[in-house]
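Below you'll find the structure, written out as structure tokens, and then a few comments.
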Amino acid sequence: MLINFDKILKNLGKTLNQKNLKLSLCESCTGGLLSKICTDYNGSSMWFMGSIVSYSDSFKEFIGVNKDLLKDNGAVSEIVAKEMSLSTLKLVNSDICLSITGIAGPTGGSPEKPIGTVCFSFDEKNGFSYQTQCFFEGSRSDIRYQAANKGIQIILDCASQIKTQ
């Protein structure tokens with residue numbers, strides 16, 4: 001699946017620069033794909049601080065996700081996505097953070113959480129927070145690219161609601 005990210009990233013960069021917001025990411029199922037896409041864009045150093053690829057549950061715990069939340073809700077849940085985002089926000093000391101956790105396949109799905117289930121959390125240092133769950137279809141690569149695309153859309157939508165710094 002090919003998505004042209006140039007226009008989207010131009011808009012993202014403009015929005016974050018205008019609001020003087022610095023972005024961090026915490027990625028699981030996308031494995032750093034969204035970070036790569038952001039850093040492919042010339043000028044992203046003005047608004048992108050860095051990312052954490054928190055793929056395993058043990059690494060999620062290492063960055064600050066509560067072990068009981070992981071056990072009770074599973075790694076693919078909005079509450080775990082929120083913990084990932086809040087932990088990364090503190091570790092990186094950014095203004096905003098988006099986390100992504102999901103099941104890209106081709107295995108690992110269940111009736112409750114089928115392949116293509118992806119949870120997102122956007123958190124801002126002053127308390128604005130947004131979580132959502134989406135379902136994507138296609139190959140492992142398709143799901144990862146769709147999740148990265150949705151992640152950028154969430155950042156844009158949420159950042160536009162934040163008052164200028």
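No lab work stands behind these numbers, since they all come straight from the coordinates. Please read these numbers as outputs of a predicted model, since none were measured by experiment. We place every Cβ from the backbone using ideal geometry, glycine too, and count neighbours over all the protein chains shown.
Quick notes on this structure:
- Answer residue from segment 34-48, given it is of a type outside the set (Phe, Trp, Tyr) and buried (at least 20 other Cβ atoms within 10 Å of the Cβ) and is nearest to the chain's Cα centre (by Cα) among those: Leu34
- For segment 146-159, the condition of being surrounded by 15 or more Cβ atoms within 10 Å (Cβ to Cβ), in a helix (DSSP H, G or I) and touching a Gly at 6+ places or on another chain (Cβ under 8 Å) holds for at least one residue.
- Residue list for segment 103-144, restricted to those being within 21 Å of Phe5 (Cα to Cα), of a type in the set (Ser, Thr, Tyr) and surrounded by fewer than 22 Cβ atoms within 10 Å (Cβ to Cβ): Ser139, Ser141
- One residue alone among Leu86, Leu91 is crowded, with 16+ Cβ neighbours inside 10 Å and among the aliphatic types (A, V, I, L, M), and that residue is Leu86.
- Hits in segment 83-123 (condition: in contact (Cβ under 8 Å) with a residue 60 or more places away in the chain and β-branched (Val, Ile, Thr)): Thr88, Val92, Ile96, Ile100, Thr101, Ile103, Val118
- Out of Thr88, Thr30, Thr101, sole residue that is in contact with a strand residue (DSSP E or B) (Cβ under 8 Å, 6 or more places away or on another chain), of a type outside the set (A, V, I, L, M, F, W, C), outside any loop (DSSP other than H, G, I, E, B) and under 17 Å from Arg140 (Cα atoms): Thr101
- Residue, nearest to Gly31 (Cα to Cα), within segment 109-125, restricted to residues that are part of a strand (DSSP E or B) and acidic (Asp, Glu): Asp123
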